[in-house]
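Nothing in this text is a laboratory measurement; each read-out follows from the coordinates by a stated rule. Being a predicted model, the structure only gives us computed values, none of them experimental. For neighbour counting, all protein chains shown are included, and Cβ atoms are generated from backbone atoms with ideal geometry for every residue, glycine included.
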Amino acid sequence: MLSVDPDTIPEGSDAVDAMLAAAGDTRAFERLYRGHVARVHGLARRMAGDDEAGELTQMVFVRAWQKLETFRGEAKFGTWLHRVAINVILGRRASLKLERERRQGGDEVLGSVAARPAGTEHRMDVDGAIARLPPGARQIFVLHDVEGYKHEEIGRMLSINPGTSKAQLHRARMLLRGHLGR
Amino acid sequence: MIASLAALALTVVAATTHTDTTVSVRPGTRLELNAFAGSISVVTWSRNAVRLGADHSSHTRLALDEKGPVLNVRVEHWRGIPTSVEYQLTVPKWMSLDLSGVNTDISVENSEGEIAAETVQGEVLITGGAKIVKANSVEGEVRVARASGKIEANSVNAGVRLSECSGQILASSINGEVRMTDIASDDVEASTINGVVSYEGQIKDGGSYRFSTHSGDVSVAVPERANASVAVATYNGEFSSSFPVTLNQTRKGKRFDFTLGSGSARIELESFEGEIRLRHRGDPDTRRGNEFKYEYKYQYPMDKAKHEVNKTKQKPKTKQDDGDPDEDQEP
Amino acid sequence: MTDTRGPACGLESGRLSAYLDGELTNGERRAVEAHLAGCEGCTALLADLRRVVDQARSLADAAPPEDLWPGIERQLKPRARRTPAPAQALAGPSAWWRRRLDLAVPQLAAAAVVLVLLSAGAMWLLLHGSGTRGPAVTGVTPVAPPPVAAARPESTQAPLAASAPPASPALVTAGNAGYDAAVAELEDALASGRGRLDPRTLRVVEQNLRVIDRALDEARRAVAADPGNTWLRSHLAATMKRKVDLLRSATLLASTQG
């Protein structure tokens, strides 16, 4: 199978495949999968970590299949799928959130792991640095700075105030800034 | 010939060379080869090694790159102008193959691995293949024999032939025919627009078989004791069967159902304009069926009046020139 | 250790993030800019924050290391029927043929065919065909497109089958219009990538598109002449799907070649 660059798939093609898939055509759905899996997996990985990314990605596509009839074609399929992905990922995260916060314990983790003498040119991989953020700040950073959502939307998704979202975003940026090379 | 091959004639003095390299491979390694022009011919052996033989321009370099579980045949063309390469590969029987090309004929013999073979202007001939077999061409013929698993065979402009295959089968063409013989599968779908669809094989209980075409004939040969619910649909065509058929159809339109045996499997025979023929496996296929020929149009009193009226509006039927009506008589 | 606290100059560092994101009022923005002009610490911090954001924006996505599709495919249940199929109305095995899942026409119930068409734009048409539901067919209006801004993917769908009137032959072509729009878009995409396809291949593709178009033409006319014939509609839909498949393959070919 030729591997396909998602940017070369014409938009109408996605819309047609979505229609076919909504009628039960799994081959059409597989085409949609191939075109969008990278983005969904990237999001899952950054929001939830490498270990769960694969399983979350599968859940996202299965859920998308179930909800295909709600895709009306007004937005791009990728946009719609992305929202499904966020719902799935956040839904899953919520139940594990408490457990993780207990384990990670906030800012100190990033501080101690990343401690370097000032002036070292050490450059931490961006994804690696994001992975070390505390979960709340990480989610908001990924949603805002990586994925491009606005604070109002993030507030709705996470059930928080837009103001809280802004504060957490800034906190994440501050934690990251020292560790992402010059 | 494609433009770049014309360029080849200008740039390369007829110096061709032969590459012959063998590398050993770990079980589970997959072979990838993306060709441009020429041919890919793969045969198998029982060694855990891959032998790459190739005839090509002396300006072209070939190499075998191992990247994790993939063994990739890399080709470097002079100044990036792709030239014709005739690949002859000998690979382990178990090796999965991912072969693609543009103006490339592809053939694979006696493989027991997964196969994906895709070309644009060439033909694809595969014997063997297991678990997943995908054979696609745009212009050329596709032939798959003795494959098992999930099989997809498609051509756009030419025909597709499957023989002695089992597993889940999907075969299609647009301008060509789809012919299947000695099939042992419980899930078959074959369709074309302009050609004939013919099938000869098992009908397994609980299986699903769909054969459809727009302007060609559908000719299906099944075992005498097949258990199937059969749905036949055509608009301008005719249906004939060498099975005695009890019609239990109650619906309007040129579509009706009947049952063979216990009705366990599902068979759908559809043609917009062509003949639909259902016969016993082993009987010769003739364009006009023998004993039980149903002019189904006139079977249904409620439709008769309507059909009388429509008769004058119907277009003349296009006769499909088969050319080889006896081909399907092999059991 | 990197200082995660704000600068010592008195400016609350969160302001800088807000400034970066364009969230300040004009007055606030001018105040920050004035401060930056005289504060090296904040200027450096702003540059740092900008770097973080730029790096975040340019993160690339890669496909997962292993193919997740088989696991997903296993979990895809066949489409649930929204219109309850009174298959009980038909005796015997003849109802099974409706459960075919791979057509562009969702399940054919005895009384209704619901064809939902999506085009790349905001418009969608609802086509509701009647099989045996009453002889009278009145004129039909396509459902008006919903306003784009209000659409959210999770919003409950409008009850499609409930209020749509039965079809008329004219609707067959109206329904095709929506599908044709999607096909037209694919054809445009193919046209723009056309230069990259080998001329011979392009000819073959175009010849075969014509083959399908002829078949579509015949099928459409047949449906128009016999609108109650549900099989004809499904044949038409299946043929349309072949065309879309061919266009897609050709477009992909054009985009991966050259």
Here FRET efficiency (C-beta to C-beta, B:Arg225 to C:Ala63, R₀ 51 Å, nearest 0.05) is 0.55
The pairs in A:Lys67/B:Lys204; B:Lys67/C:Lys243; A:Lys76/A:Lys150 lying past 30 Å Cα-Cα in this model are A:Lys67/B:Lys204; B:Lys67/C:Lys243
Pseudo-spin-label distance B:Asp20 to C:Asn26, built 7 Å along Cα→Cβ, given in nm, is 8.3
The base-10 log of I(q)/I(0) that the Debye equation returns for region B:57-142 at q = 0.16, 0.22 Å⁻¹, one scatterer per C-alpha, is -0.68, -1.16
1/(1 + (r/R0)^6) with r = Cβ-Cβ of A:Ser159 and C:Ala37, R0 = 30 Å, i.e. FRET efficiency to nearest 0.05, evaluates to 0.15
Taking r as the C-beta separation of B:Thr90 and B:Ser58 and R0 as 25 Å, the FRET efficiency to the nearest 0.05 is 0.65
